[in-house]
Amino acid sequence: MELELLTTTLARALAFGTPLLLAALGEVVAERAGVVNLGMEGMMMLGAVAGFMVAAATGSLPLALLASTLAGVAVAALHGVIATFLLANQFVSGLAITIGGVGLANLLGKEWVGKPLAAPMLPFDVPVLSGVPLLGPAFFTRQYALTYAALVLALVVWLVLFRSRVGLTLRTVGESPAAADAAGANVRRVRFLAVLVGGAMAGLAGAYLSLAYRPAWGENITNGMGWIALGLTILALWHPLRAVPAALLFGAFFTLSFRLQAVLPPELLTLLPYLVTVLALTLIAWRGGRGAVGAPEALGVPYRRGERE
Amino acid sequence: MPIRDVRARPAHWSGALHAPAPAQRTVCYLDRVRPPDDIPGVRSVPLISVRELTKRFPGVVANDSVSLDLLPGEVHALLGENGAGKTTLISMLYGLLQPDGGSIAMDAQRVTIKNPRHAMDLGIGLVAQHFNLARRHTVAENLAVGLRGTPFWRPTRALQKRAAELTERYGLEVRMHAQVAGLSPGERQRVEILKAVMQGARLLILDEPTSVLTPQEADALLRVVTDMRRDGRGILFISHKLGEVLRVADRITVLRGGKVVGRRVRGGAEASELARLMVGAPTATPQRLGIPPEGEPVLRVSGVWVRGRRGPALRGLDLAVRPGEVLGVAGVAGNGQSELAQVLTGLARPEKGSVTLAGADIGRLSPREVRKLGVAYIPEDRRAEGVAGTLSVAENLVLRQVRDKEFARGPVIDWRKAEAFAAAAVLRFDIRTPSLATAARTLSGGNVQKIVLARELSGRPTLVVASHPTYGLDVGSAALTHERLLAQRERGAAVVLISEDLDELRALSDTIVVLFAGRVAGTLPISEAITETGWERLGLLMGGGAAA
């Protein structure tokens with residue numbers, strides 16, 4: 001039945017899109033403060049392996065989630081120090097973290113490869129809502145708690161960024177650090193904290209993969225999702241709420257690449273997220289200049305007091 | 001408007017405009033000035049008083065024992081040319097620089113202003129020439145960022161009422177929900193002023209505030225200044241424009257070479273006198289040149305408009321230069337000099353008007369095409385624009401000619417020939433370099449300039465455009481630069497010499513034009529420029545005091 005195809009595709013898109021959404025929200029926070037974090041993939045991998053190891057050792061999901069988050073924060077702290085205090089090249093630092101993080105995570109997880117988790121996070125049906133026709137099977141049946149946490153997080157990030165004083169300061173730091181500095185904000189501290197928040201979300205994204213989505217350790221479990229999350233950030237125009245449909249769209253590409261294998265080569269569909277991102281960048285460049293949309297103006301630029309732009 | 005209005009508001013919104021004064025203190029004045037008598041109840045304790053403030057930079061005393069007072073409800077103008085020390089002084093008042101000597105007191109209490117935030121907390125607001133706003137934020141967001149005591153949620157909503165009151169009170173028309181990127185320079189300036197006032201500025205420093213404004217906007221700004229003065233705020237008005245200074249200032253302090261060279265009060269100043277104070281007395285005896293050439297101009301600029309970074313920079317400029325003539329372009333920086341150099345060298349395109357060189361329209365040509373027609377360019381920023389710093393001396397010397405057939409061997413460069421050319425240039429221009437392979441950026445400013453001169457003047461140019469060619473150079477390099485420019489004049493090139501150094505202009509030029517607000521404010525043949533009255537007139541024209 002076609003309707004069933006639609007609802008299952010949406011359900012899988014949501015499940016696939018969850019780690020993308022979590023990581024992209026983290027990247028939105030960091031980039032809104034002006035710091036590019038190319039280390040997403042590495043942070044996700046380390047979050048995934050930390051969560052998996054703690055879950056395997058203790059059997060406690062809350063402890064495992066905490067471990068994933070802390071792993072993400074710890075690596076982010078490294079990036080934060082390099083990018084905001086040492087004022088080094090953020091792109092090099094992020095790349096190094098991705099390459100090193102993926103390698104380290106694979107090394108740590110070596111003896112667990114192929115072993116399933118005894119007590120993984122289980123999917124559940126949301127009471128009442130799962131009974132709603134169409135929406136029920138699409139969004140409220142057999143999803144994980146982390147999925148809903150991610151959706152709530154999108155709302156929270158939006159509220160904080162665009163409706164609170166803290167968010168205003170953070171965005172000003174990303175747009176015009178000199179103006180924020182003059183207003184009394186501690187530019188480096190704000191940036192550092194934003195990178196930490198981003199790392200925490202990357203860790204959670206990793207946890208979703210190793211604790212819930214595929215609760216058995218496998219090499220390269222994130223499989224490039226960290227990179228796709230970076231594209232997602234751009235496609236969402238650095239906006240946490242727009243990241244939700246964008247994550248669903250990218251999730252749909254993933255699931256369709258399996259479903260349509262008979263019709264289309266799967267490589268083509270897995271390529272789509274990148275193509276869409278390039279297209280989005282092109283459109284931004286076209287419309288740009290007036291500055292209404294696009295990257296934060298000070299994105300990727302270390303801040304030194306007293307330098308004119 | 002009664003002052004009570006302002007006082008009634010919470011202190012963190014407006015700053016306490018009239019903090020209670022300690023009972024006993026001695027206040028001394030630099031000159032006998034009464035507080036403006038049209039403001040009832042304003043005490044005569046200076047808002048800020050600066051005593052013998054000194055700031056040294058390597059090789060120069062930027063501020064030499066500068067003293068001044070600013071009373072509440074007073075507009076105090078600081079007049080001076082570029083390099084007179086105005087920016088250094090306000091940087092110290094705003095906590096951006098720490099003085100090497102002297103003191104600052106606010107409300108007769110000695111203060112050390114640590115940083116801009118501290119200055120703001122003391123009630124000092126600065127509206128700088130370069131606006132400090134987040135372009136993609138709305139006006140309201142920009143206002144909210146710097147405010148203390150805004151609520152955690154929706155910080156922009158709480159300030160709307162207060163902003164609306166101030167907007168109305170001072171005529172600071174702004175659109176609260178517009179993005180700053182879409183605002184005109186005038187609107188951005190109003191946002192900056194509003195921001196400073198909302199942060200509680202009792203003393204507002206306006207740094208060259210009208211330089212980015214249209215005449216209408218400038219008029220509106222002067223009215224804002226007058227309104228703020230009436231509310232007991234003090235305004236330090238930095239400018240080099242005589243007309244507006246005479247219009248708004250209660251007191252005028254003139255700076256030159258880092259020193260206070262004159263103080264005048266309202267009504268006791270004349271434009272010509274201020275101009276003389278501002279530019280000082282002529283120092284060098286201008287060396288006489290041959291007779292100014294006659295004949296048809298080779299360069300004609302007519303009715304040229306060029307858009308600068310902040311609105312139109314040239315507004316219908318007309319110039320003509322004959323072969324063998326040095327046209328000196330005087331003026332205070334920012335009146336269109338950079339854009340003039342750019343439009344003559346193909347780096348900027350005129351929006352309107354035409355630029356012709358020997359009959360050819362060069363307004364639409366690329367920089368490379370313009371250069372092929374024989375235009376040599378000695379740029380203002382020699383290290384950034386004049387050389388590629390990491391390339392070698394030899395490479396920099398042939399940058400311009402490297403695509404010529406002479407240096408080509410098939411598709412590749414004939415480096416033997418190129419290096420021979422470079423070696424000859426090093427000798428001819430006395431470039432002091434350890435080797436031809438040395439990176440250009442490691443050389444001194446004088447030697448970098450010699451590289452530029454050697455490269456640019458080697459191709460028998462028709463037109464030489466020289467922008468501040470001796471700025472910051474040692475005496476020897478400056479003399480060599482002058483000599484080479486005059487040599488070009490002798491061989492019949494037209495030379496456009498843009499400079500702020502009036503002595504240099506009078507020594508080299510056949511004719512001097514003064515740029516003001518993107519137009520030629522006046523033209524003086526050298527015979528007039530070297531006289532006493534000509535000197536005074538130059539100063540007046542530079543200050544916009546006698547727009548022709």
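Per-structure values
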| quantity | calculated |
| --- | --- |
| Gaussian network model of chain A, Cα within-10 Å springs - most flexible of A:42, A:206, A:59 | A:59 |
| Proximal charge balance of residue A:165 [Cβ under 13 Å; K/R count +1, D/E count -1] | +4 |
| Subset of B:114/B:195; B:259/B:450; B:161/B:241 violating a 30 Å alpha-carbon distance limit | B:259/B:450; B:161/B:241 |
| Per-pair calculated FRET efficiency, R0 = 56 Å: residue B:294 and residue A:159 via Cβ, rounded to 0.05 | 0.15 |
| Convex hull projection area averaged over all views, the protein assembly as shown, Cα basis, nm² | 45.4 |
| Calculated FRET value between residue B:372 and residue A:81, using beta carbons and R₀ = 51 Å, to 0.05 | 0.45 |
| Fewest-first sequence of A:81, B:452 by Cβ atoms within 10 Å of each Cβ | A:81, B:452 |
| Helix-only CD estimate at 222 nm, as mean residue ellipticity for chain A, using -39500 (n - 2.57) per DSSP H run (n ≥ 4) | -22000 deg cm²/dmol |
| Packing-based exposure ordering (other Cβ within 10 Å, fewest first) of A:241, B:524, A:134 | A:134, A:241, B:524 |
| Pairwise centroid distance, computed over Cα atoms, of the range B:508-526 with the range A:14-31, Å | 62 |
| On Cα atoms only, tilt of A:187-207 relative to the major axis of chain A in degrees | 10 |
| Residue among B:471, B:324, B:388 farthest towards the positive dipole end of chain B, charges placed on Cβ | B:388 |
| Partner lysines for residue B:372 [C-alpha distance under 18 Å; skip if fewer than 8 residues away on the same chain] | B:405 |
| Kirkwood-type radius of the range B:90-161, with distances r between different C-alpha atoms, in Å | 14.2 |
| Farthest positive-ward along the protein assembly as shown dipole, Cα basis, beta-carbon charges - from B:236, B:496, A:77 | A:77 |
| Degrees, to the nearest 10: A:61-80 long Cα axis against longest axis of chain A | 30 |
| Per-residue [θ]222 nm for chain B (sum of -39500 (n - 2.57) over DSSP H runs n ≥ 4, rounded to 500) | -9000 deg cm²/dmol |
| The range A:2-293: radius of gyration and largest Cα-Cα distance (Dmax), Å | 18.9, 60 |
| For the range A:2-293, size of Cβ-based charge dipole, Lys and Arg +1, Asp and Glu -1, in debye | 560 |
| Point-charge dipole on Cβ atoms (K/R +1, D/E -1) for the protein assembly as shown, about Cα centre, debye to 20 | 1020 |
| Selection from A:178, A:140, A:158, by position along the positive dipole direction of the range A:2-293 (Cβ) | A:178 |
| Rounded tilt (10° steps) of A:266-287 against the dominant C-alpha axis of chain A | 30 |
| Mean projection area, nm², convex hull over Cα of chain B | 28.1 |
| Inter-probe distance in nm under a simple model that places probes 7 Å from Cα toward Cβ, at residue A:263 and residue B:404 | 6.7 |
| Calculated FRET value between residue B:109 and residue A:278, using beta carbons and R₀ = 51 Å, to 0.05 | 0.25 |
| Gap separating the Cα centres of the range A:56-120 and the range B:440-474, nearest whole Å | 55 |
| Summed residue charge, Cβ within 15 Å of residue A:243's Cβ, Lys/Arg positive, Asp/Glu negative | 0 |
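Rule-based calculations on the coordinates, nothing more; no lab input. These figures come from a predicted structure and were not determined experimentally. All Cβ positions, even for glycine, are placed from backbone atoms using ideal geometry, and neighbour counts span all protein chains on display.
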